Amino acid sequence: MTRSAFPSRRAILAALGAVAVAPARAQAAWPSRPVRLIVPLAPGGTADGTARLLADKLSGLWGQQVIVENRAGAAGIIGMEAIARAEPDGYTLGMGNINTVATNHLLRPKLSYDPLKDFTDIAWLTTSPLFLIVHPAVPAATAAEFVAYAKANPNKLSFASIGSGSSMHLAMEMLQQRTGIRLLHVPYKGMGAAVQDLIAGNVSSTLDITTMAMVHAGKLRALAVASDKRYPREPDVPSFGEQGLSGLELTTWLSLHAPAGLSPELTARINTDVNRVLAMPEVRAGIEKMNLDPIGGSPADLQAMLGRERSRYAELIRQAGITVD
């Protein structure tokens, strides 16, 4: 008797089993090539610095190079588009901040990506309070004096930000809304030019974290940290809460995302490894050197934070009538 030309039941089951385990084997082998980490901002800032710290350590954990790719422009939109359009295979990750994943869609009805649908949320990376910083010529030594002077002189004082709708702009709008003061907004394309004009006295103030370096150099003055309590790494700067502005917590933060559709298994693995990196003493030291606090936690922790931020900024933008062309 000749053997049947058709495969046996055992052979069919074996073949199906091989097909079934192929994706698992492919996934287990991740990453088998370099991973991109897109930063939707220019080099040199805290997002770029944090990304490079992560990339260095993740490269060691994964045995593949993690390449930081700066895709700046259009309030972070160019970089976020690149993340959203990439394959959800774990080989493209991206940094988020207040603008890119919490407020851009509230300010720009025709935004080319949807932060609620186009990304897989992976981890909350860092947070930091903002500081009210002024040129030394501003006749105020405290936040209370700043508010009093601004009330008596509407639009005489100005404030710098890195653009209309930026986190710095929205934070100062919150301060104005809470206190009833009116300041002149001066948007810049980057913080470098803003700091130069602040030091020169061409603009009066800002709400920022990176500018604290110029405070330590004696070129600017910090009136308050925008929180209820003093910031441990800047203990000489009084808080808003101490000066009668309790409940006005103004922060900046960074987050990590992937394109929508990343598998739960890869999401969990990347989250776990990012948390391992954030716990490394040398990484924590590098992040804290930028006056940021490492956070970490689960994807659910990040999603809860994003929900809170989106809600409060939506209310601010509605009440203040802020629009961005």
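The values are calculated or read from the model by the stated rules, or taken from the named source; none is laboratory data. Only a predicted model underlies this, so the values are computations on that prediction, with no experimental measurement involved. Every residue, glycine as well, gets a Cβ built from its backbone with ideal geometry; the counts of neighbours run over all protein chains shown. The area values use the complete protein model at the heavy-atom level, side chains included, leaving out ligands, DNA and RNA. Shrake-Rupley method; radii C 1.70, N 1.55, O 1.52, S 1.80 Å.
Points to keep in mind about this one:
- Arg221 passes every criterion in (1) open to solvent by 40 Å² or more (accessible area, probe 1.4 Å); (2) at pLDDT below 95 apart from (2).
- As for the range 308-323, it holds no residue that is open to solvent by 60 Å² or more (accessible area, probe 1.4 Å) and touching a Phe, Trp or Tyr at 6+ places or on another chain (Cβ under 9 Å).
- Lone unmet requirement of (1) of a type outside the set (Asp, Glu); (2) surrounded by fewer than 23 Cβ atoms within 10 Å (Cβ to Cβ); (3) closer than 28 Å to Asp208 by Cα; (4) touching a residue at least 60 places away in the same chain (Cβ under 8 Å) for Trp30: (3)
- Leading residue by the ranking (nearest to Thr127 (Cα to Cα)) among those in the range 34-62 that are hydrophobic (A, V, I, L, M, F, W, C), at pLDDT 95 or above and open to solvent by 40 Å² or more (accessible area, probe 1.4 Å): Leu53
- Of the residues making up the range 162-190, those that are assigned to a helix (DSSP H, G or I), closer than 20 Å to Gly96 by Cα and touching a strand residue (DSSP E or B) at 6+ places or on another chain (Cβ under 7 Å) are Ser167, Met168, His169, Ala171.
- Cβ pairs under 7 Å, 6+ apart, first in the range 94-118 and open to solvent by 10 Å² or more (accessible area, probe 1.4 Å), second of a type in the set (Phe, Trp, Tyr) and at pLDDT 95 or above: Asn97/Trp253
- Count of the range 246-268 residues, restricted to those that are open to solvent by less than 20 Å² (accessible area, probe 1.4 Å), in a loop (DSSP other than H, G, I, E, B) and out of contact with any strand residue (DSSP E or B) (no Cβ under 7 Å at 6 or more places or on another chain), is 1.
- Restricting the range 191-203 to residues that are in contact with a helix residue (DSSP H, G or I) (Cβ under 9 Å, 6 or more places away or on another chain) and part of a loop (DSSP other than H, G, I, E, B), the residue that is least open to solvent (accessible area, probe 1.4 Å) is Val203.
- Residue match in the range 51-60 (condition: charged (D, E, K, R), touching a helix residue (DSSP H, G or I) at 6+ places or on another chain (Cβ under 8 Å) and not in a loop (DSSP other than H, G, I, E, B)): yes
- Residue match in the range 184-197 (condition: free of Cβ contacts under 8 Å to residues at least 40 places away in the same chain and touching a Leu at 6+ places or on another chain (Cβ under 8 Å)): yes
- Number of positions in the range 118-161 that are of a type in the set (S, T, N, Q), at pLDDT 95 or above and either touching a helix residue (DSSP H, G or I) at 6+ places or on another chain (Cβ under 9 Å) or part of a helix (DSSP H, G or I) (or both): 4
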